[in-house]
Structures are given as structure tokens and as C-alpha cells.
1. Being free of Cβ contacts under 8 Å to residues at least 60 places away in the same chain, within 23 Å of Leu21 (Cβ to Cβ) and touching a helix residue (DSSP H, G or I) at 6+ places or on another chain (Cβ under 8 Å) is true for just one of Arg136, Arg100. Which residue is that?
2. Restricting to the stretch 114-173, name every residue that is open to solvent by 90 Å² or more (accessible area, probe 1.4 Å), of a type in the set (A, V, I, L, M, F, W, C) and within 20 Å of Thr99 (Cα to Cα).
3. May I ask you to list pairs of residues, at least six apart or on different chains, whose Cβ atoms are under 8 Å apart, with the first in the stretch 23-34 being more than 15 Å from Cys53 (Cβ to Cβ) and the second being open to solvent by less than 90 Å² (accessible area, probe 1.4 Å) and in a helix (DSSP H, G or I)?
4. For the stretch 114-134, name all the residues that are modelled with pLDDT of 90 or more and of a type in the set (S, T, N, Q).
5. Would you call Ser126 out of contact with any Phe, Trp or Tyr (no Cβ under 7 Å at 6 or more places or on another chain), touching a residue at least 24 places away in the same chain (Cβ under 8 Å) and not aliphatic (A, V, I, L, M)?
6. Quick one: in the stretch 40-95, which of the residues that are surrounded by 19 or more Cβ atoms within 10 Å (Cβ to Cβ) and among the hydroxyl-bearing types (Ser, Thr, Tyr) is farthest from Phe134 (Cα to Cα)?
7. Among the candidates Ala151, Ala140, single out the residue that is of a type in the set (A, V, I, L, M) and either at pLDDT below 90 or in a loop (DSSP other than H, G, I, E, B) (or both).
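The values are calculated or read from the model by the stated rules, or taken from the named source; none is laboratory data. Everything numeric here is computed off the predicted structure, so don't read it as measured data. When we count neighbours, we look across all protein chains shown, and the Cβ atoms used for this are built from the backbone with ideal geometry, even at glycine. Side chains are part of the model used for accessible areas, which takes the heavy atoms of the whole protein and leaves out ligands, DNA and RNA. Shrake-Rupley method; radii C 1.70, N 1.55, O 1.52, S 1.80 Å.
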Amino acid sequence: MTPLDIPVHNVVSLGGVTVGLSLAVWDVTRWWASHKKRLAFKALRDLAPFVLCMLYGALLVLSAGGLIGAAADWSLWGTNQVGEVALVYGVGSTSPGVTRASHLALTPGGHSVVIIVTVIVAAVTSRRGLRWDFVRGILAGISLGLASSIAGAVGYIAAPVVSTAGDYVTGLL
């Protein structure tokens, strides 16, 4: 249990990974089709918000709990359910658990970075309105952040980097 006694489950199924990868493929495919020079700065700049939102979503699901962690956990549960319905009723498959065996957790400095980035996302969306590409990226990151496969590399790479940077900036190192 977390300090607020909000239960945290943090279990991702194959259905959740399927939804996360589907959301990522949606935006990457649309980006790919709309740019002829894909390695040009302008083309990469157009992909950057999605990638940053995906990293942010992975950090959210790695949060220890609280209100933000509970919202991420609820979102993970939702993507697991949607993916399970798609796999079971759509193609007749099963949806086993694919959660990483070694759970990465953010340090207190990493949690402060999550709060700061949450404020940044809130500021951007309050100025420009709700952006569905942000929502898709964040949900993709939440769905893939705990996966044990290459899809989970987002969380595996982002957690130590953000935790170290947060600890360094806040003076915990």
C-alpha cells in the first residue's frame, strides 16, 4: 500500500502491451507517412512530442503511488482490459502477464521530476487544449513501461536516468 492507502497493482498483460504498441504504431505510422525526409530536423521535431509523452507515461507507471501513481495504475488496468478483450474476442487468443520480474522504482528525486513534468504537461495542455497525440503517447508509455520485452525498454532506460538527474538536481546525491 502507498502512503495514501491507494492500492497499486502495476501488472501489465499481453493485452496492455498490445494496446501500447498499437498506440505507438498509430502515431509513428502517421508521422512516417507525412514526411519524405524522415531524418531531417523538422521531421524529427514533429515526432519529439510523442516520444517525450511516451517517456513521461513510462515514468508515471513507475511512480510509487499517490494520486498520480493511482491514475497511471488505473490507466494501465484500462489498457490491459481493452487489450484482453481485443485478444480474446477479436482473435481468440489469451492475454498472459508480461510484467518485468525486476521492478524499477523511482527515487525521491525521480518522483520530483515526475511532478515537475506533470506541471509542464498541464501547462502545455491548458494553453493549447487537449491534444490526443499527448494522450496516446502517455497511454503508450504507461502500457509499455513495465513490460519485460524490448517494448519495456522505455521504462528500463528512463527510470535510472530520471532518478539520477532528479537526485542530482534536488541535492540528494
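1. Among Arg136, Arg100, only Arg100 is free of Cβ contacts under 8 Å to residues at least 60 places away in the same chain, within 23 Å of Leu21 (Cβ to Cβ) and touching a helix residue (DSSP H, G or I) at 6+ places or on another chain (Cβ under 8 Å).
2. Ile150, Ile157
3. Matching pairs, first to second residue: Ser34/Asp46.
4. Of everything in the stretch 114-134, just one residue is modelled with pLDDT of 90 or more and of a type in the set (S, T, N, Q), namely Thr118.
5. no
6. It comes out as Ser95.
7. The conditions single out Ala151.
Table: residues versus (1) more than 20 Å from the chain's Cα centre (by Cα); (2) of a type in the set (Lys, Arg); (3) at pLDDT 85 or above.
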{"residue": "Ala33", "(1), (2), (3)": "yes, no, yes"}
{"residue": "Ala40", "(1), (2), (3)": "yes, no, no"}
{"residue": "Leu47", "(1), (2), (3)": "no, no, yes"}
{"residue": "Leu52", "(1), (2), (3)": "no, no, yes"}
{"residue": "Gly57", "(1), (2), (3)": "no, no, yes"}
{"residue": "Ala64", "(1), (2), (3)": "no, no, no"}
{"residue": "Val88", "(1), (2), (3)": "yes, no, yes"}
{"residue": "Gly92", "(1), (2), (3)": "yes, no, yes"}
{"residue": "Ser102", "(1), (2), (3)": "no, no, no"}
